[in-house]
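Colleague: The structure's right below; bear with me while I get my questions together.
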Amino acid sequence: MRTLALICGVALSALALSPAAEAQQGPGPSRETIVAPWQPGSIALPISAAVAEREIWHLDNGAAAVRNVARPTLTPFLPVGPASGAAVIIAPGGGFLGLAMEKEGWDVARWFANHGIAAFVLKYRLLPTPPSQPAFADKLMRMIKGENVGFALPADTPPEALADGLAALRHVRAHAAEFGVDPARIGFMGFSAGGFLTRSVVENAGADMPAFAAPIYPNMKPMKVPDNAPPMFVAIAADDFLIPMAGGDTALPDSYRKAGKSIEFHLFESGGHGYGLGKPAGTTSQWPALMLRWLEVKGLLKGDK
């Protein structure tokens, strides 16, 4: 169970499991809730049974975040200028107990849409946590200290989250013409826990495989690489606490290379964990441009559409 705890921040910056991790994290989630932000064009993804709405929105270091998601959705951010025809599904992180929707979802989607790539933010199903925000904040800190509080991080990607990731790929492909994208150029990316989900999507997608994958500060341990694995882009900072927990910084790219698959790996000198689009004062802020150039070199941004 510690594996995912060391891979994903709970509500991003609240999870601090070591002194090194604690130095990289902020004060964590607010004890107050907020009204759910407007999510224009949000698309409900299919689930097997009807469930009651129980989402709880709050601020995580000043940015909108959500927990207790039971109804998955996909929110499109489409280019308003020249479009490349490529698309990417974006999975925010949060330890499968929360989602950093603004920092690792909407902000990132706007960046890609502004660079001609249709982006779709995936609000995937999460494990349940207490309905009271103050109780959640208190229990979260106790859980970090090792107490049993009635909820915990999972050992792997929960099946509901994986199902939502695959459903998102199927939906965008099925409606590619409506969104103005090429069904053969739809990728999947995610941050922290969303990076864990990205890896799981690649391992389990089969015929639904994305055209490219981009886990950002993900689990860096080796992964099962299928025969039809797509090109992968990975970015992480050398001082991210996930690297020592994986036994080093090359296990993930090494497993991809050993399988004979294409991988682009960027190891930044510093930046910690949970930096979203990057820290302006450091080099982590360059990963979006590096990924954009990588997509271009791989032939995934072929002409205006």
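The values are calculated or read from the model by the stated rules, or taken from the named source; none is laboratory data. All values derive from a computational prediction rather than experimental measurement. Methodologically, a virtual Cβ is constructed for each residue, glycine included, from the backbone with ideal geometry; neighbour enumeration extends over all protein chains shown. What goes into the accessible areas is simple: the full protein's heavy atoms, side chains included, and nothing from ligands, DNA or RNA. Shrake-Rupley method; radii C 1.70, N 1.55, O 1.52, S 1.80 Å.
Colleague: Take the alpha-carbon positions of the chain, form their convex hull, and give its projected area averaged over all directions (one quarter of the hull surface) in nm². Intermediate results must be reported in sequence, preceding the final value.
Modeller: Numbers: hull surface 57.9 nm².
If I average the Cα hull's projected area over directions, I get 14.5 nm².
Colleague: Moving on to the next point. What is the percent carbon and sulfur in the accessible area of the chain, measuring with a 1.4 Å probe over the protein chains and ignoring ligands?
Modeller: Reported share for carbon and sulfur atoms: 55 percent.
Colleague: Can you spot the lysines whose alpha carbon is less than 29 Å from Lys145's alpha carbon? Ignore those fewer than 8 places along the same chain.
Modeller: Result set, ordered by chain and number: Lys103, Lys123, Lys221, Lys279.
Colleague: Cα to Cα, under 19 Å, and not fewer than 8 places away if on the same chain: which lysines meet these conditions relative to Lys224?
Modeller: Within the straight-line cut-off, Lys224 pairs with Lys258, Lys261.
Colleague: Per residue, how large is the accessible surface of the chain? Use a 1.4 angstrom probe and give square angstrom.
Modeller: It amounts to 40 Å² per residue over the chain.
Colleague: Using the beta-carbon distance between Ile34 and Ala238 and R0 = 35 Å, what value does 1/(1 + (r/R0)^6) give for FRET efficiency, to the nearest 0.05?
Modeller: With a Förster radius of 35 Å, E is 0.50.
Colleague: What is the spin-label model distance, in nm, from Ile43 to Leu78 if the labels are put 7 Å beyond Cα along the C-beta direction?
Modeller: For Ile43 paired with Leu78, the spin-label model returns 1.0 nm.
Colleague: Under 15 Å from a point placed 7 Å out from the Cα of Asp227 along the Cα-to-Cβ direction: which residues of segment 251-280 have their backbone N that close?
Modeller: 259-261
Colleague: Which net charge results when you count Lys and Arg as +1 and Asp and Glu as -1 among the other residues whose beta-carbon is under 12 Å from that of Leu126?
Modeller: +2
Colleague: Can you give the extra length, in nm with one decimal, that the chain gains between Ala251 and Asp208 once fully stretched, where that is 0.36 nm per residue apart less the Cα-Cα distance?
Modeller: Full-extension gain reported as 12.9 nm.
Colleague: Compute the Cα gyration tensor for segment 226-305, then decide on rounded, prolate or oblate, letting a ≥ b ≥ c be the square roots of its eigenvalues: rounded whenever a/c is under 1.5, prolate when a/b is larger than b/c in the other cases, and oblate in all that remain.
Modeller: Oblate shape, in that a/c is at least 1.5 and b/c is the bigger or equal ratio.
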